[in-house]
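Colleague: Dropping a structure here in structure tokens format, bear with me for questions.
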Amino acid sequence: MSASDLVAKLTALLGSDVVRSDAVSLQAYSRDATPMFEGLPEVIVAPRNTLGVSKIVKFAHDTKTPIIARGAGSNLCAATVPLNGGIVMSMTNMNKVLEVSKSEMIAIVQPGVTNLDLDQLVEKEGLRFVPDPGSRNVSTIGGNVATSAGGLRGLKYGTTRNYILGLEAVLGTGEIIRTGGRLVKDVAGYDVTRLLVGSEGTLAVFTEITVALAPRPEASKYGVAYFEDLAAAAEAVEKIITSGILPATLEFLDNTCLVAVEDFAHLGLDTKAGALLLFGDDGDLVSIEQSVSKMAEIAKASQGCRGVTLAADVAAAEALLYARRCSLPALARLSSLSILEDIAVPRKSMAEVVNRIEAIGKKHGLRIGTFGHAGDGNLHPTIVLDKDDPREVAAAEAALAEIFALPLEFGGTITGEHGVGSAKLPYLEAKIGSVNMQLQRSIKKVFDPAGILNPGRIGS
Amino acid sequence: MREKFSQDKLDRCISCGYCLPACPTYKLTGNEESSPRGRITLMRAVQNDKLPALDLLQESSFCLGCRACEPVCPAGVEYGVLLEEMREITWQGKNRPLIIRGLFFIVETKIGMWALGLLSPFAKRREASKDLHLMYGCFERRLFPSVSRAVAKLAPEVSCSSDQGCCGALHAHNGELEKGKEMAKALGEKLSGTILTTAGGCAAHLASVIGSERVQEFSQWWVKRDIELKPIKNAGRKIRVGLQDSCHLRNGMGVFAQPRNILAQLGDYVEIPGAADCCGAAGSYALLQKKNSRKVVSQKIADIEALDLDYIATVNPGCTRQLVTELRRARVKTKVIHLAELVAISQN
């Protein structure tokens, strides 16, 4: 179908206030937060309710038009770039919190609600929405569910997938399903809810999400330890966890990231250190006092530690966490292009892996800044390069291939929390094997027989 | 005439989207093209010949230019400069709004400036310190002459020169970036030493051209004087007073603690919700985009009404005008007053 036909038919179906196709709008939706991927959609739709979504998907099914559901477009794996034209369905108009139940400790939300807005709303009830991806100020719950977003609390509390109880979703045929519900226990049928979490828009479009909330902890406490290098910080992390503490936060940054973050946040961080470890815990006052001071002691006694400081108050701790969340964009200060990766490895191999990453950077003459969720073994090596320098671009490609191969040597994964999208699809088979690849394609066919939902991603 | 954007400034943006929640026009529409990130995507498309430059016209007009996206941007994107470049590219010839052409004429010409000051009781010219000159502001001298009078009274050492043109902020924000810079330089040569201004918008523009060490916005300058202020009373109790930040003062110069510090001495300071958010005045925006300007300010007016304040203090004449107009329309009794005038009341 021609683009103009597509627009005319969708407008007739939905009304003109939901459909946009001017050159400016199309251009604006041609990319997400992933560098080097772009593609023009043919039309943008922004439905306001489940029925609207269902109509649109059915139309896409009947006309075999590719369709991508998009939240805030903050993903880092090119999961929402319309590389095949077609429809971009913006979910930002569906941004209502439908219910917060304090007694059941759940909330029911539309997919366009942002992570931070939900958390701030439930805070009034003394509750917390636990998953806190770096992009929480902007990213939507729909997008969080689609990528099973992680964050800074993964080690102690898990990721998005641990907090999704139920979904209303539209299949690739336009049919509406409900899966799971309000209950903690529910084993009626296959766990389709869990399958849909992290499916990156390839199996269904979420229209209503039931999330589990947790009581807001009484207090939290954070501290910073400086090390000679990232490997030394990684060793300290291993010691902390094997000592029997399960802290809420163990994050680290190497010197490159540290300097960039300090340049943005002006927190007075020690930019001469080779690495920074941000550690912290939440819970009742007594136990966090214990766990945080124990972590500080272990860090201090660790090899290569240059010093430990505890955050003076909540504001200082919040500032540290915020600065950590800004690591990636802050790195953009250093050069015209930053390519970020998202590997995860078993924690005990982390020190070796960070050394290997550093060696890869040296070998290719590239600057690589590494930060990550040290407690989860989830690393974000980020190559910062001059996009107009052909030598650096070629070197970055070679380095990336090596970085992707690295975690598989250690029983790790090519993506810990950002997702596969288009960016990592070429590397997926190496991680999951050909039989599993085939299985994933078969699963996609069941949910989306016409192959219209976010084609070119998982299941393709 | 500019045709291209500064490539290094476009390159800074990595499209992370952290700016989205800070953007008032994104809040209004939820549309990507009405966000800072979306607009930069559009600028890039123009830069790479994927989109005709004039397609930017609507978004270059819809953007308030409040720069709320800048302090939240970890990558340090200078969106304000990119917006000025966008307007320089698009607001040319017949695409320059008539109102802007008129305003340019007034502040560019001697007769225009003369007319602005005509019969307006702004601070009288006087020679005092060579190291400190008061800038009258083009429209402030006409609309709010009592502001410069208040400053002149508070600080006998300040010189007030009648020979001062426009600082060029109006030009820079409305499609004449280079001319705006020239005007700032010219003003910097005319007024020796430190230039003291009561307009946040002018301060930020001037500082960006002649250097922040030569420019002092009123609150910045006053807090350094370290003079104890008497609280102002109303009906036997301390006044309840809020603040409307000036966007460019806050987002461009990082000045927001100083006015709050002063107000906390003058009365019971109440932080209005979204004090840092644009009031919709946005320079010429309230004239050019009246409807959108009102949409932007409407929640703020309701919030101010609910707080039952005696005063709402401002640090920029555009904000004063906008809040006076909109509060009057909503029949809210809270008085809008420039911070310098409140300080002068306390010192009386």
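No value in this document is a laboratory result; all are computed from the given coordinates. This is a predicted model, so every value here is computed, not measured. Neighbour counts run over all protein chains shown; Cβ positions are idealised from the backbone, glycine included.
Colleague: Once you keep just the Cα pairs under 8 angstrom separated by 6 or more residues, what percentage relative contact order results for chain A? Kindly include the intermediate steps, with their values, before the conclusion.
Modeller: Details: 1010 pairs, mean separation 72.4, N = 460.
It rounds to 16 percent for chain A.
Colleague: When B:Y18, A:Y427 are ordered from fewest to most other Cβ atoms inside 10 Å of their Cβ, what list results?
Modeller: A:Y427, B:Y18
Colleague: Using only helices, what value at 222 nm comes out for chain A when you add -39,500 (n - 2.57) per DSSP H run of length 4 or more and divide by the total residues, to the nearest 500 deg cm²/dmol?
Modeller: The helix contribution divided over chain A gives -11000 deg cm²/dmol.
Colleague: Assuming R0 = 51 Å, can you tell me the calculated FRET efficiency for the pair B:D163 and A:L267, based on Cβ-Cβ distance, to the nearest 0.05? Don't skip to the end; give the middle numbers.
Modeller: Values: r = 46 Å, r/R0 = 0.90.
For B:D163 and A:L267, the calculated efficiency is 0.65.
Colleague: Reported to two decimal places, what Rg/Rh ratio describes the stretch A:1-75 when computed on Cα atoms with Rh from the Kirkwood expression?
Modeller: My calculation puts Rg/Rh at 0.95.
Colleague: Looking at the stretch A:154-230, which trypsin sites (Lys or Arg not before Pro) are in a loop (DSSP not H, G, I, E or B) and have at most 12 other Cβ atoms within 10 Å?
Modeller: Filter output for the stretch A:154-230: A:K185.
Colleague: Next question, about the same structure. Can you give me the long-range amide H partners of A:M89? Hydrogens built in the peptide plane at 1.01 Å from N, cutoff under 5 Å, separation of 5 or more residues or another chain.
Modeller: The answer is A:V45, A:I68, A:A69, A:R70.
Colleague: Figure the gain on full extension for A:A315 and A:A12 (residue separation times 0.36 nm, minus the Cα-Cα span) and round it to one decimal in nm.
Modeller: 103.9 nm
Colleague: Sort B:L327, B:L191, B:L98 by Cβ crowding within 10 Å, fewest neighbours at the top.
Modeller: On the way: B:L327 20, B:L191 24, B:L98 9.
The fewest-first ordering by Cβ neighbours comes to B:L98, B:L327, B:L191.
Colleague: How large is the helix-only mean residue ellipticity at 222 nm for chain B, computed as the sum of -39500 (n - 2.57) over DSSP H runs with n ≥ 4, divided by its residue count, in deg cm²/dmol to the nearest 500?
Modeller: Helix contribution divided over all residues of chain B: -14000 deg cm²/dmol.
Colleague: Could you give each residue of the stretch A:194-204 its phi-based ³J(HN,Hα) in whole Hz, using Karplus coefficients 6.51, -1.76, 1.60 with θ = phi - 60°, and x for Gly or Pro?
Modeller: 5, 5, 6, 5, x, 8, 6, x, 9, 10, 6
Colleague: Here is a further query. Checking the a/c ratio against 1.5 first, then a/b against b/c, what shape does the Cα gyration tensor give for the stretch B:191-348?
Modeller: oblate
Colleague: Moving on. Relative contact order for the stretch B:32-154: what is it in percent, counting Cα pairs under 8 Å that are at least 6 residues apart? Let's see the in-between values first.
Modeller: Details: 84 pairs, mean separation 20.0, N = 123.
16 percent.
Colleague: Can you figure out the FRET efficiency of B:D268 with B:R125, using R₀ = 35 Å and their beta-carbon distance, to the nearest 0.05?
Modeller: E(calc), rounded to 0.05, equals 0.40.
Colleague: Continuing with the same structure: Counting other C-beta atoms within 10 Å, which of A:V314, B:V332 has the fewest, and how do the rest follow?
Modeller: A:V314, B:V332
Colleague: Run the simple label-point estimate for B:L118 and A:E352 please: 7 Å along Cα→C-beta, distance reported in nm.
Modeller: 8.5 nm
Colleague: On to the next question. What are the lysines whose alpha-carbon lies under 25 Å from the alpha-carbon of A:K58, with same-chain residues fewer than 8 places away excluded?
Modeller: Of all the lysines, those that pass the test against A:K58 - Cα under 25 Å, at least 8 places apart if same chain - are A:K9, A:K96, A:K444, A:K445.
Colleague: Next question. Extending each Cα 7 Å along its Cβ direction at A:E125 and B:K224, get the distance between those two points in nm, one decimal.
Modeller: For A:E125 paired with B:K224, the spin-label model returns 5.2 nm.
Colleague: Under the Karplus relation 6.51 cos²θ - 1.76 cosθ + 1.60, θ = phi - 60°, what is the ordered set of whole-Hz ³J(HN,Hα) values for the stretch A:102-110, x standing for Gly and Pro?
Modeller: The phi angles translate into 5, 5, 8, 6, 9, 9, 10, 10, 7 Hz.
Colleague: Cα atoms only: what Rg and Dmax, in Å, come out for chain B?
Modeller: Reported Rg and Dmax, both Å: 19.8, 66.
Colleague: Cross-link candidates for A:K294: which lysines have Cα within less than 30 Å, leaving aside residues fewer than 8 places away along the same chain?
Modeller: A:K156, A:K221, A:K239, A:K272, A:K348
Colleague: Here's something else I'd like to know. What lysines could a cross-link reach from B:K110, if we take a straight Cα to Cα line under 30 Å and drop same-chain neighbours fewer than 8 places away?
Modeller: B:K110 reaches B:K94, B:K124, B:K130, B:K153, B:K179, B:K181, B:K185, B:K190, B:K290.
Colleague: Based solely on C-alpha atoms, express the radius of gyration and the Dmax of the protein assembly as shown in angstrom.
Modeller: 28.1, 87
Colleague: Ranking request for peptides B:308-320, A:433-445: highest mean number of other beta-carbon atoms within 10 Å first, then the rest in descending order.
Modeller: Output ranking for B:308-320, A:433-445: B:308-320, A:433-445.
Colleague: Follow-up question, since we're still on this one. Averaged over B:39-45, how many beta carbons belonging to a partner chain fall within 10 Å of each residue's beta carbon? Display every interim value, and only then the final one.
Modeller: Values: counts 2, 1, 8, 6, 0, 4, 8.
The per-residue average across the peptide is 4.
Colleague: Using a ≥ b ≥ c from the Cα gyration tensor of the stretch A:49-155 (square roots of the eigenvalues), is it rounded, prolate or oblate, where a/c under 1.5 gives rounded and otherwise the larger of a/b and b/c decides, a/b for prolate? Walk me through the numbers on the way to the answer.
Modeller: Numbers: a/c = 2.95, a/b = 1.61, b/c = 1.83.
Oblate.
Colleague: Please report the base-10 log of the normalised intensity I(q)/I(0) for the stretch A:352-398, using a Debye sum with one equal scatterer per alpha carbon and no solvent, at each q in 0.19 (1/Å).
Modeller: -0.60
Colleague: How crowded by other chains is B:73-80, given as the mean number of beta carbons from other chains within 10 Å of each beta carbon?
Modeller: 5
Colleague: Starting from the stretch A:189-239, pick out the GluC sites (Glu not before Pro) whose DSSP state is loop and whose Cβ has at most 16 other Cβ atoms within 10 Å.
Modeller: For GluC sites (Glu not before Pro) across the stretch A:189-239 that sit outside H, G, I, E and B with at most 16 neighbouring Cβ atoms in 10 Å, the list reads A:E218, A:E228.
Colleague: Take peptide B:7-14, look around each residue's Cβ out to 10 angstrom, count Cβ atoms belonging to other protein chains, and average those counts.
Modeller: Working: counts 2, 1, 0, 1, 7, 5, 2, 12.
Taking the mean over all residues of the peptide, I get 4.
Colleague: Right, another one. Would you mind listing how long chain A runs along its three principal axes, going by Cα atoms, in whole Å with the largest first?
Modeller: If we take the Cα atoms of chain A, the spans are 68, 58, 42 Å.
Colleague: For the stretch A:391-418 and the stretch A:61-101, compute the distance between their C-alpha centroids and round to whole Å.
Modeller: Centre-to-centre distance over Cα atoms comes out at 28 Å.
Colleague: Still on this structure, I have one more. Calculate the dipole size of the protein assembly as shown relative to its Cα centre from +1 charges on Lys and Arg beta carbons and -1 charges on Asp and Glu beta carbons; express the result in debye to the nearest 20.
Modeller: Charge dipole of the protein assembly as shown: 2460 debye, to the nearest 20.
Colleague: Pop a pseudo-label 7 angstrom from the Cα along the beta-carbon direction at both B:T194 and A:V435 and give the gap in nm to one decimal.
Modeller: 7.7 nm
Colleague: Now for a different question. Rounded if a/c is under 1.5, else prolate if a/b is larger than b/c, else oblate: which is the stretch B:253-311, with a ≥ b ≥ c the root eigenvalues of its Cα gyration tensor?
Modeller: oblate
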